[in-house]
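The values are calculated or read from the model by the stated rules, or taken from the named source; none is laboratory data. Everything numeric in this text was worked out from a predicted model, so none of it was measured. Here the Cβ positions follow ideal geometry from the backbone for every residue, glycine too, while neighbour counts run over all protein chains shown.
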Amino acid sequence: MTEAMQPPRAVDLQQRLQERLQTTVLEVLDESAQHHGHSGANGLGYGTHFRVRIASPHFTGKSRVAQHRLVYDALQDFMALGLHALAIEVVA
């Protein structure tokens, strides 16, 4: 598998979100191991279930749905690589 086709890792998601949304707070947690039976719970350094705690100036004046859409849009191409679940916590 080429580097461009690697399954998602927390560091990859973090880098993308920082680039696209110029985050002021950003924490990406791989929670795949908590989902026993899913392929992400494999200890190989990539996952399928992530939690994002995020703040961005791009969120100002936007509804929660619009904020979440910005995150999903930034990470869209990771979906095809195995990103299965994404919990988003927008923080102040």
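Being modelled with pLDDT under 90 and not aromatic (Phe, Trp, Tyr) is the requirement here; does ALA80 meet it? Against the criterion (modelled with pLDDT under 90 and not aromatic (Phe, Trp, Tyr)), ALA80 qualifies.
The selection criterion, being in contact with a His (Cβ under 9 Å, 6 or more places away or on another chain), at pLDDT below 90, closer than 17 Å to PRO7 by Cα and not in a loop (DSSP other than H, G, I, E, B), holds for ALA33. Pairing residues of the range 49-70 that are free of Cβ contacts under 8 Å to residues at least 24 places away in the same chain with residues that are in a helix (DSSP H, G or I), at Cβ distances under 7 Å and at least 6 apart in sequence or on separate chains, gives GLN67/PHE59.
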